[in-house]
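The values are calculated or read from the model by the stated rules, or taken from the named source; none is laboratory data. Since this is a predicted model, take the numbers as computed values, not measurements. Cβ placement follows ideal geometry from the backbone for every residue including glycine, while neighbour counts extend to all protein chains displayed. Only protein heavy atoms, including side chains, enter the accessible area calculation; ligands, DNA and RNA are left aside. Shrake-Rupley method; radii C 1.70, N 1.55, O 1.52, S 1.80 Å.
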Amino acid sequence: LSLSASKLRDRDIVSKDLKLKDQDFLGEGSCVLSEMVTKRNRSLTLDLHNRNDHVLKNLGKLTVLAEETVTSRTAVEMTLQCTNLENKDLFSKSDPFLRISRIVETGGSVPICKTEVVDNNLNPIWRPVCLTMQQFVNKDNPLVIECFDFNNSGNHVLIGKLQKTVADLEILHKSRVGANFTSPPSGFRGNEKVLKGQLFVEGYAEKQLYSFLDYISNGFELSFMVAVDFTASNGDPRSPDSLHYIDPSGRLNAYQRAIMEVGDVIQFYDSDKRFPAWGFGARAYSGTVSHCFNLAGSPGAVEVEGVAGIMSAYASALQNFTLSGPTLFGHVVNKAAEIAVESLKYNQRKYFVLLIITDGVITDMLETKDALVRTSDLPLSVLIVGVGNADFTQMEILDADNGHRLESSTGRVATRDIVQFVPMREVHSGQISVVQALLEELPGQFLTYMRCRDIRPHNISAPQTSAPGPSYVV
C-alpha cells in the first residue's frame, strides 16, 4: 500500500487516472491479507516508511479495514433431478452430470456450478447444489443448465440443455412440474429439438450463509502441518541435481519453496504458530526405514516453531537421515488424522491443513485412499505439491476433481473432497503461484465440514448454514 498527496485540486478525478509520478510520496507499508482478515475487527494498522530505505523512519500510520460484500451471504440451495434422459452410451447407460452457467452481458456464459456424476442412470437425482448471489447475480438473471454424459477422456457428450432463471426454478419447485431439455439445432436451418428428458427441482430453499471470514475472524483457526518426501528418487542431497540440494547461495529448492510459500500464508491463521513437521521414506542411522518421522529429530518433538522452524528442521533432517523408500502416504495421513481426532475432544474451532511435498508415484495407493476416505469425516484437508518431472497421474486420482469422490477398498465413498494436488512444473510454466493453485479449494472444504456438523461462529446473527460459494484463502 502506498500513500501519496495529490497536487491536483479536482476531487472528482478517478483514481486510475492519477499519475503517480506527479504526486508527493508520503509513505508505504505492506502486509499479507491474511494478517488482516484473521483479526476480530478485520482491521490492521500499518507503519508507513520510505521506499527501499534501510533506516525505517516512521512516516505515520495507515489503518486498513476489510469488508465482505453482503451479497456473498445470500444463496439458493436446490435438489435437482432428471427423468427420461437420452442414453448416449452403447453398452451401458449414460453417466450424467449437470453444469450450470450464468449468461453475461456480452452474450456468452460463465460456468458457476457442476454436480457430481451419477453412474449408469437415466433418471438421476443429485446431491443439493448451492448457488450464491455472487454467482447468479439476481433471481431474474438467465442461467443455462446443461446435462452431459461423463467420459473419462474429458470429451463429455451433451445430452440436452435448457435456459431458466432462479425465479423460474423456484416456480418449477412449487408447481411440481418439469422443464424439457432441448438439443442444439442440426444443420444451417435446423431448429432446436424438444427432448423427452426433463429437469425437476425436488428441493428449493433460500438461505443466508456464514462465510469463511465469519469463522476466521471469530476465533476459528487453520492449523498447518507438513510432510516431506525423503525417498531416494529425489537424488543425493549433496548433488546440485538433487531436488533436496541446499544451495549455498541461498536459492531455495522446490521443497523449500513450497514450505515457504504455503506456510507464509497459512501461519497467520494459526494463533500459536507451532506446526507438526514430518518426513517419510528415509532411513535413520539406526538402519530402520521410517514412513513418518519427526523432522525435529526427537521422538517426542512433533511441533516446530513457525515456518522458519520447519525450514531449519528440514535442512537438519537431510544431514541425519539417508534417503530410502518406498513412497508411502498412508502413514502421514493417518498421523494427521490422529491429531485432528484428539483436537475434537476439546476444540471444534481448529481445522487442520496437511501439506505433503513429494517427487514421485506413491506405492500404497489403496492404503492412501482408505486413509483419505476415513479422514474425510474429520476437520482436515490435504494439499499435495508434486516436485520434479515424475508422472503424477495417481495424484490426480486422489484429487478427485473429475466429479467422482474417492472410494475405499471396502466401497465406502468419501463424505467430501479433501485433497488438492498441484504439480510444481505447471506452476512454473504458468503465471500462477503455488499458493493460489493449492489454496483455492480450501475455504470450500472448510465450510463444507462446518456445514455438515452445523458448527457456527459466535457473535454473529444466526443465518442458516449451507454449502459454500467460491472463496479463496489469501
Could you say whether any residue in region 138-147 is touching a residue at least 24 places away in the same chain (Cβ under 8 Å), open to solvent by less than 80 Å² (accessible area, probe 1.4 Å) and touching a helix residue (DSSP H, G or I) at 6+ places or on another chain (Cβ under 6 Å)? yes
Taking only region 408-434 into account, find how many residues are over 15 Å from the mean Cα position of the chain (by Cα), open to solvent by 20 Å² or more (accessible area, probe 1.4 Å) and either at pLDDT below 85 or more than 23 Å from residue 338 (Cβ to Cβ) (or both). 7
Considering residues that are small (Gly, Ala, Ser) and within 28 Å of residue 235 (Cα to Cα), the number found within region 336-370 is 2
Report, ordered by the first and then the second residue, all pairs with beta carbons closer than 6 Å, sequence separation of six or more or different chains, a first member in region 234-256 that is at positive phi, and a second member that is of a type in the set (Lys, Arg) and at pLDDT 95 or above. none
Of (1) under 23 Å from residue 416 (Cα atoms); (2) out of contact with any Phe, Trp or Tyr (no Cβ under 7 Å at 6 or more places or on another chain); (3) surrounded by 18 or more Cβ atoms within 10 Å (Cβ to Cβ); (4) β-branched (Val, Ile, Thr), residue 118 satisfies all except one. Which? (2)
Can we say residue 140 is charged (D, E, K, R), over 19 Å from residue 79 (Cβ atoms) and part of a loop (DSSP other than H, G, I, E, B)? yes
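Could you list, in sequence order, the residues of region 384-416 that are in a loop (DSSP other than H, G, I, E, B) and under 23 Å from residue 261 (Cα atoms)? Give the derivation first.
Initial filter on region 384-416 (in a loop (DSSP other than H, G, I, E, B)): 387-392, 400-406, 408-412, 414-416.
Result: 387, 388, 389, 390, 392.
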Close pairs from region 72-93: first under 20 Å from residue 136 (Cβ atoms), partner open to solvent by less than 70 Å² (accessible area, probe 1.4 Å) and basic (Lys, Arg), Cβ under 7 Å, at least 6 apart: 75/207; 77/207
I'd like the full set of residues that are modelled with pLDDT of 90 or more, more than 29 Å from residue 215 (Cβ to Cβ) and not charged (D, E, K, R), limited to region 332-362. 358
Does region 297-310 contain any residue that is modelled with pLDDT under 90, in contact with a helix residue (DSSP H, G or I) (Cβ under 7 Å, 6 or more places away or on another chain) and either open to solvent by 30 Å² or more (accessible area, probe 1.4 Å) or within 20 Å of residue 237 (Cα to Cα) (or both)? yes
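Would you mind finding the one in 3, 33, 18, 59 that is open to solvent by 50 Å² or more (accessible area, probe 1.4 Å), modelled with pLDDT under 80 and in contact with a Gly (Cβ under 6 Å, 6 or more places away or on another chain)? Walk me through it before giving the result.
On the way: 33 fails: in contact with a Gly (Cβ under 6 Å, 6 or more places away or on another chain); 18 fails: in contact with a Gly (Cβ under 6 Å, 6 or more places away or on another chain); 59 fails: modelled with pLDDT under 80.
Among 3, 33, 18, 59, only 3 is open to solvent by 50 Å² or more (accessible area, probe 1.4 Å), modelled with pLDDT under 80 and in contact with a Gly (Cβ under 6 Å, 6 or more places away or on another chain).
Considering only region 367-383, state which residues are outside any helix (DSSP H, G or I) and over 15 Å from the mean Cα position of the chain (by Cα).
Answer for region 367-383, where residues must be outside any helix (DSSP H, G or I) and over 15 Å from the mean Cα position of the chain (by Cα): 377, 378.
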Region 333-349, residues that are surrounded by 19 or more Cβ atoms within 10 Å (Cβ to Cβ) and under 20 Å from the mean Cα position of the chain (by Cα): 333, 336, 337, 340
Quick one: in region 212-269, of everything that is of a type in the set (Asp, Glu) and open to solvent by less than 10 Å² (accessible area, probe 1.4 Å), which residue is nearest to residue 309 (Cα to Cα)? 229
Exception for residue 279 within (1) surrounded by 19 or more Cβ atoms within 10 Å (Cβ to Cβ); (2) touching a Pro at 6+ places or on another chain (Cβ under 7 Å); (3) of a type in the set (Gly, Ala, Ser) falls at (2)
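Might you check whether a residue that is outside any loop (DSSP other than H, G, I, E, B) and either without any contact (Cβ under 8 Å) to a residue 24 or more places away in the chain or out of contact with any strand residue (DSSP E or B) (no Cβ under 7 Å at 6 or more places or on another chain) (or both) occurs anywhere in region 342-362? Quick ask: steps written out before the conclusion?
If we filter region 342-362 for residues that are outside any loop (DSSP other than H, G, I, E, B), which is where we start, we get 342-344, 350-358.
Those left that are additionally either without any contact (Cβ under 8 Å) to a residue 24 or more places away in the chain or out of contact with any strand residue (DSSP E or B) (no Cβ under 7 Å at 6 or more places or on another chain) (or both): 342, 344.
Yes, there is a match, as at least one residue in region 342-362 is outside any loop (DSSP other than H, G, I, E, B) and either without any contact (Cβ under 8 Å) to a residue 24 or more places away in the chain or out of contact with any strand residue (DSSP E or B) (no Cβ under 7 Å at 6 or more places or on another chain) (or both).
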Taking region 285-299, which residues are free of Cβ contacts under 8 Å to residues at least 60 places away in the same chain and either assigned to a loop (DSSP other than H, G, I, E, B) or farther than 12 Å from residue 317 by Cβ (or both)? 285, 286, 287, 288, 289, 291, 296, 297, 298, 299
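Suppose the filter is in contact (Cβ under 8 Å) with a residue 60 or more places away in the chain, open to solvent by less than 70 Å² (accessible area, probe 1.4 Å), of a type in the set (A, V, I, L, M) and more than 23 Å from residue 110 (Cα to Cα); does residue 159 pass it? Before you say what the answer is, go through the steps one by one.
Numbers: in contact (Cβ under 8 Å) with a residue 60 or more places away in the chain: yes; open to solvent by less than 70 Å² (accessible area, probe 1.4 Å): yes; of a type in the set (A, V, I, L, M): yes; more than 23 Å from residue 110 (Cα to Cα): no.
Here the answer is no, as residue 159 does not meet what is asked.
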For residue 361: the one exception among (1) open to solvent by less than 10 Å² (accessible area, probe 1.4 Å); (2) within 15 Å of residue 229 (Cα to Cα): (1)
Those residues that are more than 13 Å from residue 149 (Cα to Cα), under 23 Å from the mean Cα position of the chain (by Cα) and surrounded by 15 or more Cβ atoms within 10 Å (Cβ to Cβ), I need them from region 87-113; list them, please. 100, 101, 102, 112, 113
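Specify the residue that is surrounded by the fewest Cβ atoms within 10 Å (Cβ to Cβ); the eligible residues are those in region 311-332 that are under 25 Å from the mean Cα position of the chain (by Cα) and among the hydrophobic types (A, V, I, L, M, F, W, C).
So in region 311-332, the residues under 25 Å from the mean Cα position of the chain (by Cα) come out as 311, 327-332.
Now narrow it down to the ones that are among the hydrophobic types (A, V, I, L, M, F, W, C): 311, 328-329, 332.
Working: 311: 19, 328: 21, 329: 30, 332: 26.
Per the criteria, the residue is 311.
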